[in-house]
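Chemist: One structure follows; several queries about it will come next.
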Number of protein chains: 2
Amino acid sequence: MDLIFKALADATRREMLDRLLEQPGLTLGELIAGTEMRRQSASKHVQILEAAGLVTTEWQGREKKHFLNPVPIQEISRRWVDKYSEARTEAILNLKQSLETDSSTQKRTKS
Amino acid sequence: MDLIFKALADATRREMLDRLLEQPGLTLGELIAGTEMRRQSASKHVQILEAAGLVTTEWQGREKKHFLNPVPIQEISRRWVDKYSEARTEAILNLKQSLETDSSTQKRTKS
DNA sequence: TCTATAGGCAGCCTAATAACTGCATATAAA
DNA sequence: TTTATATGCAGTTATTAGGCTGCCTATAGA
């Protein structure tokens, strides 16, 4: 799971996933088209995405086609995000409680 | 959005969120109880979580209570994860396609 | 066969992270 | 009022991350 979160932490990599969502099968060269990035940098990003299972690849001759694999994202969503959804109601209750609490507890103007 | 992904990229911070999910209102001292981490390190993590909107705080006297805010996680899920869910069917089709493609395209044994 | 193209791998450099120490401030309790 | 506790802020250091250059291999096409 850590690999997935780490992979998603970088905006460049999220953009790559977006592009692969729109256009499955892009090659490395196509992925960097229109960007300032060097091929080698993009290659490292792809490695990280592959290690996280977010991208699969397929060689066709000398070209390497890249495909998005949405499954890990969905697993994170199902196994991790969902438990926080259940907390929503409780969180709102907490908030209400704080608001109802005497506002004199809000000292320490510093920070 | 970047702040949220960055905040979630660190396992220590995800553990903090887990603890705040289970026990809302923990203080900084309570948060580091049982860990090897120094208070100052935890404080920085909390700052990052606060900046991402994942944690809200409330002063009570000299104590600072911490609360999980699950909303940003849900927004990410709704606005970002969901679009990848729609890709699932298509991704499976892509996979099928690759499998059906002549396997002789799988050269380059290296790497 | 020769040349151009697609990509991998290694190494280097810089910036961002995450941990720590030391010191300061605010509140609580004796 | 004095002391202990809860936290903040600044600065240092080590590790990680992301980008680049240089060079190598493999395939495609003339």
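Throughout, read-outs are computed from the coordinates displayed, never taken from laboratory work. Keep in mind it's a predicted model, so treat the numbers as computed, not measured. Neighbour counts are summed over all protein chains in view; Cβ atoms, including those assigned to glycine, are modelled from backbone coordinates with ideal geometry.
Chemist: Could you give each residue of segment A:76-85 its phi-based ³J(HN,Hα) in whole Hz, using Karplus coefficients 6.51, -1.76, 1.60 with θ = phi - 60°, and x for Gly or Pro?
Modeler: For segment A:76-85, the Karplus-derived couplings read 4, 4, 6, 8, 10, 5, 4, 5, 7, 4 Hz, x marking Gly and Pro.
Chemist: Okay, next question. How large is the direction-averaged shadow of the alpha-carbon convex hull of segment A:2-70, in nm²?
Modeler: On the way: hull surface 17.0 nm².
Average projection, Cα convex hull of segment A:2-70: 4.2 nm².
Chemist: Sticking with this structure for a sec: Identify the GluC sites (Glu not before Pro) of segment B:4-68 meeting these criteria: DSSP loop state and at most 11 other C-beta atoms within 10 Å of the C-beta. Don't jump to the answer; show the numbers that get you there.
Modeler: Working: sites: B:Glu15, B:Glu22, B:Glu30, B:Glu36, B:Glu50, B:Glu58, B:Glu63; in loops: B:Glu36.
Filter output for segment B:4-68: B:Glu36.
Chemist: For peptide B:60-68, how many partner chain Cβ atoms fall within 10 Å of a residue's Cβ, on average?
Modeler: Details: counts 6, 3, 2, 1, 2, 3, 0, 7, 6.
So the per-residue partner count for this stretch is 3.
Chemist: Could you give each residue of segment B:20-36 its phi-based ³J(HN,Hα) in whole Hz, using Karplus coefficients 6.51, -1.76, 1.60 with θ = phi - 60°, and x for Gly or Pro?
Modeler: Coupling constants for segment B:20-36: 6, 5, 6, 10, x, x, 4, 8, 4, x, 5, 5, 8, 4, x, 10, 8 Hz.
Chemist: Do any of A:Lys6/A:Lys65; A:Lys44/A:Lys65; A:Lys44/B:Lys6; A:Lys6/B:Lys64 go past 26 Å between their Cα atoms, and which? All intermediate terms of the calculation are to be shown ahead of the outcome.
Modeler: Working: A:Lys6/A:Lys65 23 Å; A:Lys44/A:Lys65 15 Å; A:Lys44/B:Lys6 19 Å; A:Lys6/B:Lys64 29 Å.
Distance filter (> 26 Å) returns A:Lys6/B:Lys64.
Chemist: Also, quick follow-up: Around B:Met1, with a cut-off of 10 angstrom between Cβ atoms, what is the net charge of the other residues, counting Lys and Arg +1 and Asp and Glu -1?
Modeler: Numbers: positive: A:Arg14, B:Lys6, B:Arg79; negative: B:Asp2, B:Glu75.
Charge balance near B:Met1 sits at +1.
Chemist: I've got another one for you. From the phi angles alone, apply the Karplus equation (6.51, -1.76, 1.60; θ = phi - 60°) to segment A:66-74 and give each ³J(HN,Hα) in whole Hz, x where the residue is Gly or Pro.
Modeler: Ordered by residue, 3J(HN,Hα) equals 10, 10, 6, 10, x, 4, x, 4, 5 Hz.
Chemist: Another one. With a cut-off of at most 14 other beta carbons within 10 Å, and DSSP calling the residue loop, which trypsin sites (Lys or Arg not before Pro) in segment A:1-96 qualify? Please list them. Mind showing how you got there, number by number?
Modeler: Working: sites: A:Lys6, A:Arg13, A:Arg14, A:Arg19, A:Arg38, A:Arg39, A:Lys44, A:Arg62, A:Lys64, A:Lys65, A:Arg78, A:Arg79, A:Lys83, A:Arg88, A:Lys96; in loops: A:Arg38, A:Arg62.
Sparse-neighbourhood loop trypsin sites (Lys or Arg not before Pro): A:Arg38, A:Arg62.
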